[in-house]
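A quick write-up on the structure given underneath.
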Amino acid sequence: MANNCIDKALDEMEIGARFVSMGRTVTESDVVNFCMLTGNWIEIHANAHSSQNTRFGKRVVQGSLVFSMMTGMILVGTAVQANYGVDALRFVSPVFIGDTIYATAELIRKKDKDERSSVGTFLMSVYNESGVLCQKSELSLLMYRRSEDIPVQEHLSWLNATDKS
């Protein structure tokens with residue numbers, strides 16, 4: 001079962017808190033669209049014939065695409081103010097077109113930044129459908145320290161005023 005939303009203030013989470021996404025199958029369209037958006041037409045990603053002669057024997061999904069997908073698979077709520085940085089990004093095993101990936105996030109460090117904010121560092125891992133670790137990194141997020149520090153979402157106040165019939 002997915003628990004894929006980091007939605008608590010950092011002081012309300014313990015080291016070891018873990019979040020798990022649902023699966024996402026990587027498609028041909030994902031790879032081609034990412035090639036178009038980034039200009040990353042390296043043959044191991046874009047050339048089926050050429051990639052047959054590589055150590056992997058077929059096209060490999062761009063590691064940066066897998067990372068980007070992972071950041072969308074683990075959602076963030078209003079307790080997160082911004083991305084703060086990424087460290088130790090490693091492409092451990094390849095992801096191929098047609099693989100289904102799953103993302104996990106585990107809180108590994110907390111550091112106070114100021115009176116209202118802290119930095120939470122999460123060990124981010126991506127696995128394929130066979131449970132093989134494909135990618136890992138340490139993603140740091142600038143977060144509110146306490147629930148009372150999270151600004152009220154006044155721009156959504158109309159939700160409470162709308163007719164519920």
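The values are calculated or read from the model by the stated rules, or taken from the named source; none is laboratory data. In this text the structure is predicted, and so the values were computed from the model without any measurement. With ideal geometry, Cβ positions are generated from the backbone for all residues, glycine too; neighbour counts draw on all protein chains shown.
Structure data summary
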quantity	calculated
Selected residue (criterion: farthest from residue 8 (Cα to Cα)) from residues of segment 91-125 that are surrounded by 14 or more Cβ atoms within 10 Å (Cβ to Cβ) and of a type in the set (Asp, Glu)	99
Filter result (among the aliphatic types (A, V, I, L, M), surrounded by 14 or more Cβ atoms within 10 Å (Cβ to Cβ) and assigned to a helix (DSSP H, G or I)) within segment 23-78	31, 32, 44, 46, 65, 66, 69, 70, 73
Close pairs from segment 3-21: first polar (S, T, N, Q), partner part of a helix (DSSP H, G or I) and surrounded by 15 or more Cβ atoms within 10 Å (Cβ to Cβ), Cβ under 6 Å, at least 6 apart	21/73
Segment 104-131 residues that are at positive phi, paired with ones that are among the hydroxyl-bearing types (Ser, Thr, Tyr) (beta carbon under 9 Å, 6 or more apart)	131/102
Extreme residue, farthest from residue 125 (Cα to Cα), among residues of segment 1-20 that are in contact with a Ser or Thr (Cβ under 7 Å, 6 or more places away or on another chain) and of a type outside the set (A, V, I, L, M)	12
Single residue of segment 126-165 satisfying the filter (touching a Phe, Trp or Tyr at 6+ places or on another chain (Cβ under 8 Å) and under 25 Å from residue 9 (Cβ atoms)) that is modelled with the lowest pLDDT	150
Segment 16-42, residues that are in contact with a helix residue (DSSP H, G or I) (Cβ under 8 Å, 6 or more places away or on another chain) and among the charged types (D, E, K, R)	24, 30
In segment 66-89, the residues that are farther than 24 Å from residue 35 by Cα and in contact (Cβ under 8 Å) with a residue 60 or more places away in the chain	75, 76, 77, 78, 79, 80, 81, 82
